[in-house]
Amino acid sequence: MKRRLRRPSTRVGIVLASFALLVSGFSTGIGGVLIMAGFIALGTGVYTLATRRPSWLALAGRKAGAGVATGALVVMCVGAGVYGATNPDAAAAPAMPAAPSISAGEVGVYTASAAPTPTPTPADTTAAASTPSPTAVTPTASASTAPKSATPATPKAQPGTALAVLATLPVKGRAPKTGYDRTEKFGAAWKDVDRNGCDTRNDILRRDLTTVTVKANTHGCVVLTGVLRSPYTGATIDFQRGQGTSTAVQIDHVVALMDAWQSGAQQLSQAQREALANDPLNLLAVDGRSNAQKQAGNAATWLPAAKGYRCAYVARQITVKAAYRLWVTAAERDAMARILQGCPQQKTASPGTITLMPDAAVTAPAPKKTTSTAPKATAPTSAAPKPAAPKPAAPKATAPNVVHPGSFCAPVGAQGETAKGTSMTCTRKAGEERARWRAS
């Protein structure tokens, strides 16, 4: 008489399986729960398939066991995918021998020129930039462990360089775009923030264009024509003010306003955001095509086509983010560090000097008036007197540097005059971040 085999208790199996799933859920999340469930089902299916005995799930026959085992493998694969997606640090840990760091050693040789004038930055930025970054340590070579070609020690970043300031920037993820509105959050485009009597767009055009002509009776403000060599492409563009032609030259926010919003500008005051949107430090005249391609990209998603300008471009982004206490993403930081490897001595950026052009200095030439006069009849016997030698023309007085009291200026010590002839000097008082025009 054959002894009837008893199947394992369903109640005990449910209790044990539930306990295992709870432990997996608390320790590894939903991915671990799926993997554990697949493992339990796989063991149950294989048991029934191999022994033909009913399991705690009351499976009957090999077909049922094979079906459960196959489904278990699928669940385990899904669980592995979910675990990898929800735990990227754990998935990437085996492939990373060390945590990435912004070391001043990721540098090389820089060939582009840097602005000689140091950038006036907030006190916290200056203090952070002057702090030396840690030096990368080269492991000591030994006969048994050292490779044949050891990597040389990388030099540390010098204070005041873009690489040193980059090491001080916080690294965080991007904040949501919620609430972003260009006009509401950063003010109307091209306001006269520096109070020099001219809008920001024309200020930047006068700074960045050459062979500039300005419109008469605008106090040297409105640019009519000029020549731009776009820093983003190196292409030369003949600018002409007018409908359908002005867009050939556009003003780019080096740190895009939406990127600024997602990297800390939400925490700035309205006045600080409007200053950021109109700060010459954050503005460049560029070709319209590059500006449209860039949109709101940061260094991780967009770089100028002209590779020779990338060091200066990244350095300007770092300077702006440090000045306004913005952060960078990990990918953005790594992209900036790679660019600065080739230019370790690249300095932080400066806003450049912006002055009004007196209307008499460089303006669109007015058409000359021509008058026709009939020749006078002369007696045939009288000789015409010889024309007197022309007197040498008196040299034209150099047009004064017309400035607006209280507006930002650079460099410190520069001289200028108001429209009424009052002498002004570019000075900076204690506690001020930037210099202003004041009466001499």
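Tabulated data
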| quantity | calculated |
| --- | --- |
| Phi-based couplings in Hz for the range 171-185 (Karplus 6.51, -1.76, 1.60; Gly and Pro marked x) | 10, 9, x, 6, 6, x, 7, 3, x, 6, 8, 4, 6, 5, 8 |
| Spin-label pair ARG195/VAL46, simplified geometry with 7 Å Cα→Cβ offset, distance in nm | 8.0 |
| Spin-label pair ALA248/ARG62, simplified geometry with 7 Å Cα→Cβ offset, distance in nm | 8.2 |
| Per-residue Cβ neighbour rank within 10 angstrom, fewest leading, GLU332, GLU274 | GLU274, GLU332 |
| Theoretical gain in end-to-end length, LEU22 to ALA439 [0.36 nm per residue, Cα-Cα removed] | 142.6 nm |
| Additional length obtainable on full extension of the chain from THR211 to GLN267, 0.36 nm per residue less Cα span | 16.1 nm |
| Amide N proximity, the range 282-303 versus THR233 label position 7 Å along Cα-to-Cβ, cut-off under 12 Å | 286-294 |
| Estimated inter-spin distance, GLN345 and ALA330, nm [label 7 Å along Cα→Cβ] | 3.4 |
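Any read-out appearing in this document is the output of simple, stated calculations on the displayed coordinates, not a laboratory observation. All figures in this text were calculated on a predicted structure; none of them were measured in a lab. All Cβ positions, glycine included, derive from the backbone under ideal geometry; neighbour counts span all protein chains shown.
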